[in-house]
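Notes for the one structure printed next.
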Amino acid sequence: MSIALKQVFNKDKTFRPKRKFEPGTQRFELHKRAQASLNSGVDLKAAVQLPSGEDQNDWVAVHVVDFFNRINLIYGTICEFCTERTCPVMSGGPKYEYRWQDDLKYKKPTALPAPQYMNLLMDWIEVQINNEDIFPTCVGVPFPRNFLQICKKILCRLFRVFVHVYIHHFDRVIVMGAEAHVNTCYKHFYYFVTEMNLIDRKELEPLVSTFLCH
């Protein structure tokens, strides 16, 4: 592994602290199973399929947290180059602009510089995945009825990080030697959300050509 690529896995570069699964829990076992499939070199399309007999919500929860951690790490490696000067608007090229809304401070979709949008996004997701009422960690505690809807919104917004990184900062990813890692992470994400039908195909359009190219 190159020194540059090691930076991608450097915990000090992580944009946010990683959320981990408690050993001994069903979700920890699912997480280990998912990671084992990926590490064994199994086809990504096969790796994202819901294992027989497993609960869909548990499978989705494991992946949402894992993608949050991974995408955090990816953005953390380029965040020093993503500034209000270089990225005054959170966008994915001239065709796509993403506005922030959280029903708290920003009650209406608001145009923001990319780094500010990213900070708000990661804070917002962190609150969701650490909320025991949404992502319960105790055995026997049910997921809320709207759990998949919440996850769809989280994943849709995480996808926008990929869009911004690919379109505006991929040159830095290449310089760091992290291209293969980021591409694999994106393909894993893409296959999962399409397999589980968690993101509208229209939302995925900004990176359709990128996915085909990589």
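The values are calculated or read from the model by the stated rules, or taken from the named source; none is laboratory data. No experiment lies behind these values; they were computed from the predicted model shown. Cβ sites come from the backbone with ideal geometry, for glycine too, and all protein chains shown count toward neighbours. Note: areas computed on protein heavy atoms with side chains; ligands, DNA, RNA excluded. Shrake-Rupley method; radii C 1.70, N 1.55, O 1.52, S 1.80 Å.
Remarks
- From the C-alpha gyration tensor of the range 120-173, square roots of 5λ in Å: 29, 11, 9
- The range 83-144 - charge dipole about Cα centre, Lys and Arg +1 at Cβ, Asp and Glu -1, debye rounded to 20: 380 debye
- All Cα-Cα separations within the range 83-144 were binned at 10 Å from zero, giving a P(r) of 20, 38, 24, 14, 4, each value a whole percent of the pairs.
- Cα gyration tensor category, rounded, prolate or oblate, for the range 95-191 with a/c compared to 1.5: oblate
- Straight-distance crosslink candidates among aspartates and glutamates, where the alpha carbon sits under 20 Å from Lys107 and sequence neighbours closer than 8 are dropped: Glu97, Asp123, Glu126
- Of Lys45/Lys105; Lys95/Lys153; Lys45/Lys153; Lys108/Lys202; Lys95/Lys152, those spanning more than 29 Å from alpha-carbon to alpha-carbon: Lys45/Lys105
- Residues whose placed amide H lies under 5 Å from that of Thr110, excluding near-sequence neighbours: Trp100, Gln101
- Other residues with beta-carbon under 13 Å from the beta-carbon of Pro115 carry, at +1 per Lys or Arg and -1 per Asp or Glu, a net charge of -2.
- Shape analysis of the range 36-148 based on the Cα gyration tensor places the equivalent ellipsoid semi-axes at 31, 20, 12 Å, largest first.
- Top positive-direction residue, dipole computed over the range 122-214 with Cβ charges, set Ile174, Val193, Val127: Val193
- The range 139-169-the range 122-138 distance, computed between alpha-carbon centres (Å): 12 Å
- Accessible-area rank, largest first, for Arg160, Arg172: Arg172, Arg160, with all protein chains present and a 1.4 angstrom probe.
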